[in-house]
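**Student:** Please read through the structure below; I'll follow up with questions.
What follows is calculated from the coordinates using simple rules that are stated; it is not laboratory data. Everything numeric in this text was worked out from a predicted model, so none of it was measured. All Cβ positions, glycine included, derive from the backbone under ideal geometry; neighbour counts span all protein chains shown.
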């Protein structure tokens with residue numbers, strides 16, 4: 001790692017005032033002003049230190065959020081939902097009683113992420129803001145589109161772990177498993193700037209697709225801190241599931257993952273359906289054709305199979321990732337059936 | 001940039017580095033002061049200035065868990081933690097498990113079950129298995145498998161590690177360390 005100074009921020013405004021740039025901007029030659037010192041936020045540090053060790057990032061200063069009070073707590077919101085501080089670790093969140101009881105799909109996604117050691121340090125905020133795991137992006141030798149270069153090496157190269165939807169001009173998949181479930185649960189996020197101004201928005205609209213900008217995955221601004229993730233109270237009758245498939249059963253990135261959130265009315269007809277695919281697209285991907293296939297219907301095996309087929313509509317697989325289509329189709333079917341088996 | 005600045009009382013955060021600063025680290029119940037740049041990881045601080053080379057560095061990216069130590073009793077990858085951020089938290093390394101010549105039950109079980117081949121992953125494996133035993137009475141093989149899911153062993157000692165830890169759990173009747 002390069003030499004850098006470390007500042008222990010005391011307050012959110014403190015930290016925001018010092019965060020002169022985002023990780024994404026600091027990694028893009030066109031956007032970073034090399035003559036101006038770059039100062040970045042550090043939460044758990046799992047991703048930022050990794051990028052620094054790979055010589056992809058060389059900040060002059062890291063601003064640690066470790067000593068900022070109130071960022072690592074989980075509290076019940078007045079509306080019955082949950083307010084999760086951005087510095088809550090994946091391990092603490094997965095083990096939290098209310099998360100396990102009321103948001104079991106989120107607990108399942110978190111428990112399957114990384115290793116116990118990483119989950120004890122990695123934060124939910126850092127998990128949502130981590131850079132993609134594309135091996136071309138992570139290798140300093142490849143000056144790819146996402147780092148300000150002119151070419152996506154994955155589209156014509158080793159694309160087996162890459163996107164099957166919305167994969168032009170860059171084919172990354174979003175790296176956060178938690179993000180898929182949080183989008184399915186209609187989570188919102190809170191961002192605070194140096195003036196303590198709060199910006200609140202749905203998590204789903206925070207993510208940035210390559211069609212809009214290839215050099216960042218989200219809308220985080222310089223001098224802005226992600227402070228909390230807000231979960232609405234579970235709707236009456238809400239049933240959820242999260243399933244993943246990887247090459248290894250533990251400590252591996254998913255090849256495919258599916259988060260499902262369904263509500264059925266008293267006639268057992270589906271009145272709310274959100275189906276989110278992870279490891280499928282550059283942002284958590286809403287399978288809207290699959291959702292439409294379930295709405296107004298009784299959720300039985302036939303409906304789940306039809307929805308799973310519909311989920312793959314519009315896929316544009318690359319030369320080495322066509323295997324993901326049957327994999328996702330099977331997982332969507334199983335996740336829908338797992339969700340409805342859970343309640344009612 | 002100054003080597004070290006303190007808070008001026010106006011909410012400006014204290015800044016350390018980029019040069020070496022003095023850090024007090026409590027490792028295996030002994031507090032020692034070392035000089036370290038902010039970029040020094042806990043794993044490097046342990047193996048370098050503190051001379052505790054039982055903790056191994058292999059991948060240096062949190063991907064193999066060879067560097068596992070406890071922070072306040074919780075297993076973490078010491079290669080992904082900055083020494084300057086450890087603060088008051090207690091660090092426990094493989095050197096801190098045995099009581100004098102008396103091995104920790106997990107260490108003794110690793111010997112009895114031949115759970116070591118080249119030995120490079122072993123200190124980390126032992127730290128994860130001992131942490132499991134501290135919190136789980138008589139863990140199942142599945143619980144051990146989950147506890148060591150972050151560890152890579154190129155020799156393939158996994159089945160012996162699992163057998164050793166299950167046996168150690170059965171013998172200790174769930175008493176914590």
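**Student:** Write down the percent of antiparallel bridges among all DSSP beta bridges whose residues are both part of chain A, to the nearest 5.
**Tutor:** Close to 85 percent.
**Student:** Hey, another quick one. Considering only DSSP beta bridges whose two residues both sit in region A:239-342, what percent are antiparallel, to the nearest 5?
**Tutor:** Of the beta bridges lying entirely in region A:239-342, close to 100 percent run antiparallel.
**Student:** Neighbouring Cβ atoms within 10 Å as the yardstick, rank B:92, B:33, A:11, B:41 fewest first.
**Tutor:** Numbers: B:92 22, B:33 10, A:11 16, B:41 26.
In increasing order of surrounding Cβ atoms, one gets B:33, A:11, B:92, B:41.
**Student:** For chain A, what is the mean residue ellipticity at 222 nm derived from helices alone (per DSSP H run of n ≥ 4: -39500 (n - 2.57); sum divided by total residues; nearest 500 deg cm²/dmol)?
**Tutor:** Here the helix-only value at 222 nm equals -7500 deg cm²/dmol.
**Student:** Arranged by the count of other C-beta atoms within 10 angstrom, fewest first, what order do A:180, B:149 take?
**Tutor:** On the way: A:180 29, B:149 19.
Ranking A:180, B:149 by Cβ neighbours within 10 Å, fewest first, gives B:149, A:180.
**Student:** Ok, one more. Identify which of B:39, B:102, B:89 has the largest mean-square fluctuation in a Gaussian network model of chain B, with springs joining Cα atoms closer than 10 Å.
**Tutor:** Result: B:102 has the largest fluctuation of those listed.
**Student:** Oh, and also: I'm checking a number: the convex hull volume of the Cα atoms of the protein assembly as shown, normalised per residue, in Å³. What is it? Each step should come with its number before you reach the end.
**Tutor:** On the way: hull volume 81.0 nm³, N = 521.
With only Cα atoms used, the protein assembly as shown gives 155 Å³ per residue.
**Student:** Run the numbers on region B:20-96 and let me know its relative contact order in percent, using alpha-carbon pairs under 8 Å that are six or more apart. Numbers along the way, then the final one.
**Tutor:** Values: 149 pairs, mean separation 28.1, N = 77.
Reported relative contact order: 36 percent.
**Student:** To one decimal place, what orientation-averaged projected area in nm² is obtained for the convex hull of the Cα set of region A:123-259? Walk me through the numbers before you get to the answer.
**Tutor:** Working: hull surface 39.7 nm².
Taking a quarter of the hull surface, the average projection is 9.9 nm².
**Student:** Before rounding to the nearest 500, sum -39500 (n - 2.57) across all DSSP H runs of length at least 4 in chain B and divide by the residue total; then give [θ] at 222 nm in deg cm²/dmol. Please report the intermediate quantities before stating the final value.
**Tutor:** Numbers: 5 runs with 50 residues, N = 177.
The helix contribution divided over chain B gives -8500 deg cm²/dmol.
**Student:** As I understand it, the value is the acute angle between the Cα axis of helix B:158-172 and the longest principal axis of the Cα atoms of chain B; what does it come to in degrees, rounded to 10?
**Tutor:** The two axes meet at around 90 degrees.
**Student:** Relative contact order of chain A, please, whole-number percent, based on alpha carbon pairs below 8 angstrom and at least 6 residues apart.
**Tutor:** 18
**Student:** Shifting gears a bit: From largest to smallest, what semi-axes in whole angstrom does region A:260-299 give when each is the square root of 5 times an eigenvalue of its alpha carbon gyration tensor?
**Tutor:** Over the Cα atoms of region A:260-299, the ellipsoid semi-axes are 23, 8, 6 Å.
**Student:** Now a separate question. Where does helix A:324-342 land angle-wise versus the long Cα axis of chain A, in degrees 0 to 90, nearest 10?
**Tutor:** 70
**Student:** Rounded to the nearest 0.05, what FRET efficiency do residue A:77 and residue A:140 have when you use their Cβ-Cβ distance and R0 = 41 Å?
**Tutor:** In this case the efficiency is close to 0.45.
**Student:** Just grab the label-to-label distance for residue B:24 and residue A:168, each label 7 Å out from Cα along the Cβ direction, in nm (one decimal).
**Tutor:** Spacing of the two 7 Å Cα→Cβ label points: 6.2 nm.
**Student:** Could you tell me how many degrees, from 0 to 90 and to the nearest 10, lie between the Cα long axis of helix A:301-311 and the main elongation axis, the longest principal axis, of the Cα atoms of chain A?
**Tutor:** 40
**Student:** Assuming a viscosity of 0.890 mPa s and a temperature of 25 °C, what translational diffusion coefficient in µm² per second does Stokes-Einstein assign to region B:53-177, Rh being the Kirkwood radius over Cα pairs?
**Tutor:** 171
**Student:** Related question: Using the Kirkwood radius built from alpha carbon pairs, what does the Stokes-Einstein equation give as D for region B:4-114 at 10 °C and 1.306 mPa s, in µm² per second?
**Tutor:** Numbers: Rh = 15.2 Å.
In µm²/s, the coefficient rounds to 105.
**Student:** I want to verify a result. In a Gaussian network model of chain A, Cα cutoff 10 Å, which of these has the top mean-square fluctuation: A:93, A:49, A:110?
**Tutor:** Judging by the Gaussian network model, the answer is A:49.
**Student:** Oh, and also: If neighbour count is taken as other Cβ atoms inside 10 Å, put B:56, A:324, B:137 in order from fewest to most.
**Tutor:** Placing the least packed residue first, the sequence is B:137, B:56, A:324.
**Student:** What FRET efficiency would be calculated for the residue pair residue A:249, residue A:316, taking the C-beta separation as r and a Förster radius of 25 Å, to the nearest 0.05?
**Tutor:** 0.30
**Student:** Just check region B:119-177 against the gyration tensor rule for me: Cα atoms, a ≥ b ≥ c as the square roots of the eigenvalues, rounded for a/c under 1.5, and otherwise prolate or oblate depending on whether a/b exceeds b/c.
**Tutor:** Prolate is the answer for region B:119-177, as a/c is 1.5 or above and a/b outweighs b/c.
**Student:** Let me ask something else. Which residue fluctuates most in the GNM of chain A (Cα springs below 10 Å): A:274, A:68, A:173?
**Tutor:** So, out of A:274, A:68, A:173, the one fluctuating most is A:68.
**Student:** I've got another one for you. With a point put 7 Å past each Cα toward its Cβ, work out how far residue A:330 is from residue B:35 in nm, to one decimal.
**Tutor:** Result for the modelled spin labels: 6.0 nm.
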